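Take this structure first; my questions come after.
Values in this text are rule-based calculations from the coordinates and carry no lab data. Not measured: the values here are computed from a predicted model. For neighbour counting, all protein chains shown are included, and Cβ atoms are generated from backbone atoms with ideal geometry for every residue, glycine included.
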Ligand code: ATP
Ligand code: MG
């Protein structure tokens, strides 16, 4: 039998991170207590507060300590608003690169009554996380943008066979677990014949390993339109970095907005990173009104993934309980936040989820 024990890091991030990350931790804690899952929690400094206490928004000590964990909850990072001082850096590329978190799994799921555009969407976008126009890996130094003269910028987009194949494989694995077993890969090989062409070729090659998954391909601009017109016809979508970034925000808009957009980053390493799609929302920080769903669901996805990956049935069961709690809270306007037609705040929604977890049999 496995050692029923997980070590999970807590990284608040910035702004609303200080509200929604503690909410997510409380919910995981409650579900774990009910299933007998032992979790060793490790709070760690990151972001603006870490700049004050440790002189860096991404302290070396945090990076070292993270590598010993099973997973971590990362709150949103408000790096655009960091002061222009030494040590104020964007932690995202460092984390993605250090742990090779190449697949960003972003589900879009409807819940009834939220006043969203659709009530019946259930899809997952898998976004390649380490290549494209944001190449964090060793291919191009720096940001991948160059300014050879004052009036010209060159942006370099990196696509590799290995990077394309492994994100495609991760997406097919997810599609295989879902009832519809349908995967759509998205690109624009009509124009970007080499880059998107390579991505598409690798997706087609990997598809042969998954004869049980129905597979098709859609050009990205058509996808942007079809996501609005018939999102119900999609199940799992896999695409390159920037297309995925744009399409996931679009998809979130269909089901209630950014508060409804969770995510899990996974990679070659064994560490999983729970990270909501939205940013740190400084405009609403400190007011107790942020929607904690995306962060809590991201944490739930991580617990479930670790449960399967590490063979810990208590974690899989804890994730199930969390899911039931989330559904119950979202069904009641008094335990929903205002962005999704509720009358409550962050604490009300968290309490609603905790109460439903306690009541669940
Ligand atoms: P980033 O560049 O980090 O993605 P962004 O500029 O896209 O950040 P966000 O921080 O994601 O901006 O927020 C955009 C707006 O969406 C915020 O101003 C806020 O009103 C709303 N928002 C984002 N997340 C939430 C949430 N969890 N609950 C409620 N509203 C949110
Ligand atoms: Mg954004």
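Sort out which residues of the stretch 10-25 are under 9 Å from residue 75 (Cβ atoms), under 17 Å from the mean Cα position of the chain (by Cα) and more than 16 Å from ligand 2 (Cβ to nearest atom), and write them in order of number.
Within the stretch 10-25, 10, 11, 12, 21, 24 qualify.
Let me ask something additional. Which of the strands (runs of 3 or more DSSP E) found entirely inside the stretch 1-119 contain at least 3 residues meeting this: surrounded by 23 or more Cβ atoms within 10 Å (Cβ to Cβ) and within 16 Å of ligand 1 (Cβ to nearest atom)? Talk me through it step by step, then tell me what you get.
Values: elements: 5-11, 38-43, 71-74, 103-109.
It comes to 103-109.
Quick one: in the stretch 255-276, of everything that is crowded, with 24+ Cβ neighbours inside 10 Å and within 15 Å of ligand 2 (Cβ to nearest atom), which residue is nearest to residue 164 (Cα to Cα)?
263
Tell me whether the stretch 289-310 contains one or more residues that are without any contact (Cβ under 8 Å) to a residue 24 or more places away in the chain and either surrounded by 22 or more Cβ atoms within 10 Å (Cβ to Cβ) or over 16 Å from the mean Cα position of the chain (by Cα) (or both). Walk me through how you get there before you give the answer.
Here is the first cut: in the stretch 289-310, the ones without any contact (Cβ under 8 Å) to a residue 24 or more places away in the chain are 304, 307-308.
Then keep just the ones that are either surrounded by 22 or more Cβ atoms within 10 Å (Cβ to Cβ) or over 16 Å from the mean Cα position of the chain (by Cα) (or both); that gives 307-308.
There is at least one residue in the stretch 289-310 that is without any contact (Cβ under 8 Å) to a residue 24 or more places away in the chain and either surrounded by 22 or more Cβ atoms within 10 Å (Cβ to Cβ) or over 16 Å from the mean Cα position of the chain (by Cα) (or both).
Return yes when residue 283 is away from ligand 2 (no atom under 16 Å from the Cβ) and farther than 16 Å from residue 108 by Cβ and no when it is not.
Working: away from ligand 2 (no atom under 16 Å from the Cβ): no; farther than 16 Å from residue 108 by Cβ: yes.
Considered against the rule, which asks whether it is away from ligand 2 (no atom under 16 Å from the Cβ) and farther than 16 Å from residue 108 by Cβ, residue 283 comes out as no.
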